[in-house]
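Input: a single structure, listed below in structure tokens.
None of the figures in this text is laboratory data; all of them are computed from the coordinates on show. In this text the structure is predicted, and so the values were computed from the model without any measurement. We place every Cβ from the backbone using ideal geometry, glycine too, and count neighbours over all the protein chains shown.
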Amino acid sequence: MLRIYNTLTGKKETFKPLRPGQVRMYVCGVTVYDLCHLGHARSAIVFDMIRRYFNYKGYRVKYVRNFTDVDDKIINRANQEGKGWQEVAQKYTQEYYHDMDLLGVQPANVEPKATEHISEMIRIIQGLLKKEMAYVVEGNVYFRVARFSGYGRLSKRKLDEMLAGARVEVDERKEDPLDFALWKASKSGEPAWESPWVPGRPGWHIECSAMSIRHLGSPFDVHGGGKDLIFPHHENEIAQSEGYTGKKFSRYWIHNGFVTIDQEKMSKSLGNFFTIREIFQKSSYSQTVMAEVLRYFLLSTHYRSPIDFSDQSLEQAHAGLINFYILFQKLGECEARSGKGDKQLEKALKTFKTAFEKAMDDDFNTANAIAQLQKLRGQINHALSHGLSKKVAMLAKRTLLDYGKVFGFLQIRDLSQWSPVRAKFQASGTSQVKFIGQGILGDETVAKLVAERNEARKRKDWARADAIRKQLAESGITLEDRPDGTTRVRR
């Protein structure tokens, strides 16, 4: 039974969708004025994983992810570049799609733009004015926070903490400092739409209420985003949406944690951020490999916890994935009709399914679920040492592929993309030696040492065999002994 940590209640709750078998989910997207950074990648991958797991559980998911395509940041960027704001918004919308494609993030079912929903925003604002939950000052419309009794229950903030919070707009025309803009009168040269008040544009918060209600109705099941959106953005969404409809807005609120650099939140203001594009461009891996490495890294920590980014963390993720692809190669070599390890592995595969679902049902605990995948990898390797039939070997491989799909990795079919999984073959007596990777000593030297070690093992000259293993280990090459020869693996 799936349990989700609900930011609104501050506890894990059993997930029960409003409509049996269906999940309606809205996730706040990006403001399209610049390239996406690693923080955006984490949010996109986390909610891509959540959607995939809902699908795995048999739910039909309607996933809505928006674009903020009119905003002060977009206008400022357009002025800096001497371009129209529409041109800037369109450019970075396309860049976003490019980055999501790099990451293997599936498109949402609906990807609305704020500028396409101005009429819905005006209708909500009019409804709030009619209820006296909003007021007009010089053509600007503000929401009266004092009229919404539940304000602050999402962020768990007190009044003084809210006033000190980020992105609270300072405007002397407001009745209360906490009141926020629903409609802004446009300045000369800024984009503007006709309204019952003055030509202007919507405030930031109102757009998500309009788009989510338009495409999912009210209430809907899940609302998500980064932790930085809890206050004031999501707090304001709740106030204006529930003030307008008189109904609960979203039943479950899910927020992913920050990406840090040296234990400090990654942000553009601190200048310690990396764009998704930069990470891919600087990587020595292929794009498809880098996508899986990033996904493995970002999902190896629970989504609500902070995660610290470093080159070393990517190398560890790469090494963790390589072990699976080496295993795929070994499973593909099984040709026997039956094997001594079959029954043992079939039992392990059944146990794995239960353990995997237990982990994921506990608030999408990907860290634990990936640990279960690694445990299964070890069990498969152990069963291989006793011999596996082709049928059970393919069942094991299919299991890894199917469960890896929930995370968006273990999906690369071409093993040559993983440079340490390039197989070479060389005859060595009656056995075949399989080489994986490129050692520091060079392939020819390593080949001779591996062949010599095989001969030493046949003679039961364990001292010489161990000496060669140690020599190779000093060059970063780990040897794995197998019934059909020796495989060298660079870890």
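Sequence neighbours fewer than 8 away in the same chain don't count; with that in mind, list the lysines whose C-alpha is under 22 Å from residue 391.
The reachable lysines, counting only those whose Cα sits under 22 Å from residue 391, are 330, 340, 343, 347, 350, 353, 375, 405.
Return the long-range amide H neighbours of residue 180 (sequence gap of 5 or more, or a different chain), with a cut-off of under 5 Å between placed amide H atoms.
Excluding prolines and chain starts, which carry no amide H, the hits are 143, 145.
Given a cut-off of under 8 Å on Cα pairs at least six residues apart, what relative contact order in percent is computed for region 283-417?
So the answer I get is 36 percent.
How large are Rg and Dmax for region 283-417 when calculated on the C-alpha trace, in angstrom?
15.3, 48
Rounded to the nearest 20 debye, what is the charge dipole size of the chain about its Cα centre when +1 sits on each Lys and Arg Cβ and -1 on each Asp and Glu Cβ?
In total the dipole reaches around 2520 debye.
Dividing the convex hull volume of the alpha carbon atoms of region 203-325 by its residue count, what do you get in Å³ per residue?
Here the figure is 146 Å³ per residue.
If the only charges are +1 at each Lys and Arg Cβ and -1 at each Asp and Glu Cβ, what is the size of the charge dipole of region 76-132 around the Cα centre, to the nearest 20 debye?
Once rounded to the nearest 20, the dipole reads 340 debye.
What does a probe at residue 14 reach in region 343-377, counting residues whose amide N is under 14 Å from the point 7 Å along Cα→Cβ?
Zone members listed by number: none at all.
Convert each backbone phi in region 143-157 into a coupling constant with the Karplus relation 6.51 cos²θ - 1.76 cosθ + 1.60 (shift: θ = phi - 60°), then list the ³J(HN,Hα) values in order as whole Hz, x for Gly and Pro.
So the J values, rounded to whole Hz, are 8, 7, 4, 4, 7, 10, 5, x, 5, x, 6, 6, 7, 6, 9.
Across all directions of projection, what mean area in square nanometres is found for the Cα convex hull of region 17-158?
For the Cα atoms of region 17-158, the hull's average projected area reads 11.8 nm².
Residue by residue through region 122-138, which ³J(HN,Hα) values in whole Hz follow from phi under the Karplus form 6.51 cos²θ - 1.76 cosθ + 1.60 (θ = phi - 60°), with glycine and proline marked x?
Karplus values, whole Hz, x for Gly and Pro: 4, 5, 5, 4, 4, x, 5, 5, 5, 8, 6, 8, 9, 8, 10, 9, 6.
Toward the positive end of the charge dipole of the chain, about the Cα centre and with charges on Cβ (Lys, Arg +1; Asp, Glu -1), which of 118, 331, 345 goes farthest?
Result: 345.
Taking H as built 1.01 Å from N, whose amide H comes closer than 5 Å to the amide H of residue 408, not counting residues under 5 places away?
none
Compute the helix-to-body angle for 366-386: its Cα long axis versus the longest principal axis of the chain, expressed 0 to 90° and rounded to tens.
The helix 366-386 is inclined about 20 degrees to the chain.
Projecting each Cα onto the charge dipole of the chain (Lys/Arg +1, Asp/Glu -1 at the beta carbon, about the Cα centre), which of 94, 181, 220 comes out farthest on the positive side?
Towards the positive end, the residue furthest out is 220.
Once phi is turned into ³J(HN,Hα) by the Karplus curve 6.51 cos²θ - 1.76 cosθ + 1.60 with θ = phi - 60°, what whole-Hz value does each residue of region 240-247 show in order, with x for glycine and proline?
6, 5, 6, x, 6, 8, x, 10
Just how large is the dipole of region 283-417 about the Cα centre, in debye to the nearest 20, putting +1 at every Lys and Arg Cβ and -1 at every Asp and Glu Cβ?
The dipole magnitude comes to about 740 debye.
If r is the Cβ-Cβ distance from residue 382 to residue 159 and R0 is 60 Å, what FRET efficiency results, to the nearest 0.05?
Approximately 0.50, to the nearest 0.05.
Simple spin-label model, 7 Å along Cα-to-Cβ: residue 56 to residue 391 in nm?
Result: 2.7 nm between the two label points.
Normalised by the number of residues in region 1-100, what is the relative contact order in percent for Cα pairs under 8 Å and 6+ residues apart?
Answer for region 1-100 is 31 percent.
Once fully extended, how much extra length lies between residue 358 and residue 90, figured as 0.36 nm per residue of separation less the alpha-carbon to alpha-carbon distance?
92.2 nm
Return the calculated 222 nm mean residue ellipticity for the chain, to the nearest 500 deg cm²/dmol, obtained by summing -39500 (n - 2.57) across DSSP H runs with n ≥ 4 and dividing by the residue count.
-14500 deg cm²/dmol
Contact order normalised by length for the chain, with contacts defined as Cα pairs under 8 Å and 6 or more residues apart; what percent is it?
Relative CO of the chain lands at 14 percent.
How much length, in nm to one decimal, is gained on full extension between residue 311 and residue 1, taken as 0.36 nm per residue of separation minus their Cα-Cα distance?
Gain on extension, residue 311 to residue 1, equals 107.9 nm.
How large is the Kirkwood hydrodynamic radius of region 152-261, counting all unique pairs of alpha carbons, in Å?
15.5 Å
Give the residue from 55, 246, 296 lying farthest towards the positive end of the charge dipole for the chain; charges sit on Cβ (+1 for Lys and Arg, -1 for Asp and Glu) and the dipole is referred to the Cα centre.
Of the listed residues, the answer is 55.
Would you please give the residues with an amide H less than 5 Å from that of residue 2, counting only those at least 5 places away or on a separate chain, with H modeled from the backbone geometry?
15
Taking the beta-carbon count within 10 Å as an exposure proxy, list 208, 28 from fewest neighbours to most.
28, 208
Report the calculated FRET efficiency for residue 73 and residue 367 (r = Cβ-Cβ distance, R0 = 30 Å), to the nearest 0.05.
Once rounded, the FRET efficiency stands at 0.35.
Could you work out Rg/(2.2 N^0.38 Å) for region 348-408, with Rg from alpha carbons only?
Against the empirical 2.2 N^0.38 Å value, I get 1.13 for region 348-408.
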